[in-house]
Structures are given as structure tokens and as C-alpha cells.
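The values are calculated or read from the model by the stated rules, or taken from the named source; none is laboratory data. Treat the numbers as computed from the prediction; the structure is a model and nothing was measured. Every residue, glycine among them, receives a Cβ derived from its backbone with ideal geometry; neighbour counts consider all protein chains shown. The area values use the complete protein model at the heavy-atom level, side chains included, leaving out ligands, DNA and RNA. Shrake-Rupley method; radii C 1.70, N 1.55, O 1.52, S 1.80 Å.
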Amino acid sequence: LGAERRARLPPGEMGWPLVGGMWAFLRAFKSGKPDAFIASFVRRFGRTGVYRSFMFSSPTVLVTTAEGCKQVLMDDDAFVTGWPKATVALVGPRSFVAMPHDEHRRIRKLTAAPINGFDALTGYLPFIDSTVTSSLRAWADHGGSVEFLTELRRMTFKIIVQIFLGGADQATTRALERSYTELNYGMRAMAINLPGFAYRGALRARRRLVAVLQGVLDERRAARAKGVSGGGVDMMDRLIEAQDERGRHLDDDEIIDVLVMYLNAGHESSGHITMWATVFLQENPDMFARAKAEQEAIMRSIPSSQQGLTLRDFRKMEYLSQVIDETLRLVNISFVSFRQATRDVFVNGYLIPKGWKVQLWYRSVHMDPHVYPDPTKFDPSRWEGHSPRAGTFL
């Protein structure tokens, strides 16, 4: 960098050769004290909001303030996505984690309606409703204890496969679940591509996952060519049909990587956040009573002629929405994201050199007492009538 540029870097340390700060990072999370990693930088170098380290095989600047995160996320000229190569290899080079800004915008626009448009959500709701109800009934009838997170993950996986692939048979669902579970382990492991390591198994699992999805995709395209309809419309059908303003459709690689990406994002976050929201409500009986009363009031308002819940009913769940937002603040599954500087740029007065990676520490923002008073307290009421400042709720 040269002496002048080096002098303008954020405070910090690059750690051991090759390993950098990864041992401290992994130790903090394995110990159940994830905030200890950033806390060590604050303790040694002060509250500068940006720190340098060597993470995931790259020189990296850690950004820990709302203002810094907002600047990096909003400046599409100075920053592009910068996820580790290992993550890109597992999620897919045609997914959001790897594509340039213009392509990201195009794919995002194409996939928005198939994933969370009004028609799509209306179509998904009956199956979600019936699956949650039947799962709750099965747990209640079990007669003993159940491993709650395991059951939640199984339930959310069943829902997501139905949303993605409609009437997928049991063999396809089981093959997807086995491959996805192994892939997910590798997402949280060191990128060591040697026999016996989780990352190696995850790469193998991705190949199996792609093969299953490609097989379903080939069947769908062959059926369409013959004019055969499979009945209901699922996400794969909607992605096949999607086209941009130029009439371009998604190709097979794009569809498969989008599905793998959303499988990972939707399954893990849904299962874990549901578990934590349940834990927090159990620990706070008054909040549990208020959330329950809201649901019972909604149930009473549903006409007898209506089958199941509608989007209109969901929009009445104001307190439950606050519970979910507060749960996401406290235990955000995406605690960090990655960017890369396309040129020399300054954040909080410190230099981020061109080519360096940037880690945005959402968790540090959510646990900042200057942003959220008493941040370790679970308090859904903090969201009542509150619109968070840009960059403070990520």
C-alpha cells in the first residue's frame, strides 16, 4: 500500500499468516459469545466503528456502525458483493451472492413476484397453514418431548419444497433434504477441500442438489413442450415463465442457483427465528399473553365461510410483527455480510483500499446501546410506532 496509504487504514491487526483473525472469530461463536469478537477490537482500539483484520483469506475491514453499514450498502459504485469464494462455490455463481450489480437488479426484479408477490403468497398460504397446523397437532400427540428446532427445520423444509417444487414426491424431498443438510454444514465450516472436512462434503452435496433440481427442471420443460400442465403453479414454474422487458427468460443455471440460494436463506432463517421467538415468548409470559390474545381476536373475526387464513388476516398481526422484528434484532441469522471495494474509499475517516473485502457487522449495530437502549433486553414494544433509521435495522 505504501506508507501514506497504510497510515490511513483503520486500527486493528492482521493476525497470524494465512489464518488471520479466523481463530478468534470461530472461538467467539463456538463459545456462545459472538459479541466477544468485535468487543476485543473495541477494547484494544477504541470505538472507531471500522477495524482491519485478515478474514476468510483476504485483507478485510470490519464495519460495525449504522452509518458505516448504510454508506457501504448504498454506494454501488464503490462497493460490490464480496462473499468468500467458498460461499459462492456452495450457493452458486449465478446467485445473488456473486453477480454484478446490474445483473443482480435484473434477477431480483424477475424473481420478486414469483417469490413474494401477492398471487404467489396467496397460492402458498393454504399449504403453509395446513402444514403448520398438522405439525403442531403431531407434536402435541407425540406424548413426550420433541427436539423443537429439529422439528421446526423439518416443517419449514417441507413447506419450502412444496413452494419450490409443488408436488415433489417423497423420494425427491428426502434427496433434497439429505443433500441440503450436508451443504448447510459446509457453509459454516473452514473452506478446506480435503477428504474428511465438512466443506469437501458440502461441495459434493451441492452437486447432488443441482442434479435433483436439474432433473425436475428437465421434466417440467419436457412437459411444457408437450403442452402438459402439472396442475398447481409453484416457484419453479413461475421462474421458468418469468421474463424481463426484453423478453429474456432465466436459463437453467440461473433458476437452479436462485432456488439453492432461497432454500438456504428461507429454511435456516425461518426455523431458527421461529424457535427464538418461541423461547422469548416463553420467557416473558405477559408478552406471550398479548400475542396470544391478538391471534384469538383475529380468529374470532374470520367469517365461518372462510377456509384458513388470508393475507388480510396476516396484516392484522401487529404485535406479532413487533415480536418478530425484535427477535430478528436480537438473533439476526445474517449477522454479517460481505462487500468488496472497487476503488480506494473512506468510511468513518479511514481508508478501505481498492480490492479489500468489507464485512458489515449487522449484529454490532443491533446491539449498540446508542441505537437500541438496553439492547440485550427482549422488548417488542420498542417497535411500536417506530420506523428505524436507515442502516439501524439490517
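Numbers below:
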{"item": "Some residue of region 82-92 being crowded, with 18+ Cβ neighbours inside 10 Å, under 22 Å from Met367 (Cβ atoms) and out of contact with any helix residue (DSSP H, G or I) (no Cβ under 8 Å at 6 or more places or on another chain)", "result": "no"}
{"item": "Residues within region 230-283 that are assigned to a loop (DSSP other than H, G, I, E, B), open to solvent by 40 Å² or more (accessible area, probe 1.4 Å) and among the acidic types (Asp, Glu), tallied", "result": "2"}
{"item": "Index of the failed condition, Val347 passing every other in (1) within 23 Å of the chain's Cα centre (by Cα); (2) crowded, with 19+ Cβ neighbours inside 10 Å", "result": "(1)"}
{"item": "Residue count for region 11-59, restricted to those that are aliphatic (A, V, I, L, M) and open to solvent by less than 20 Å² (accessible area, probe 1.4 Å)", "result": "5"}
{"item": "In region 350-394, the residues that are over 14 Å from Glu326 (Cα atoms) and open to solvent by 60 Å² or more (accessible area, probe 1.4 Å)", "result": "Tyr350, Lys354, Pro369, His370, Arg389, Ala390"}
{"item": "Wholly within region 1-86, strands (runs of 3 or more DSSP E) carrying at least 2 residues that are in contact (Cβ under 8 Å) with a residue 12 or more places away in the chain, touching a Phe, Trp or Tyr at 6+ places or on another chain (Cβ under 9 Å) and hydroxyl-bearing (Ser, Thr, Tyr)", "result": "50-55, 58-63"}
{"item": "Matching residues in region 270-306 - criterion: being under 26 Å from Lys158 (Cα atoms), of a type outside the set (A, V, I, L, M) and touching a residue at least 12 places away in the same chain (Cβ under 8 Å)", "result": "Ser270, Gly271, His272, Thr274, Trp276, Thr278, Phe280, Gln295"}
{"item": "Residue under evaluation Asp286, criteria (1) modelled with pLDDT under 95; (2) open to solvent by 40 Å² or more (accessible area, probe 1.4 Å), criterion not met", "result": "(1)"}
{"item": "Residue list for region 63-76, restricted to those being open to solvent by less than 10 Å² (accessible area, probe 1.4 Å) and out of contact with any helix residue (DSSP H, G or I) (no Cβ under 7 Å at 6 or more places or on another chain)", "result": "Gly68, Val72"}
{"item": "Any hit, region 222-229, residues being open to solvent by 30 Å² or more (accessible area, probe 1.4 Å), in a loop (DSSP other than H, G, I, E, B) and among the hydroxyl-bearing types (Ser, Thr, Tyr)", "result": "yes"}
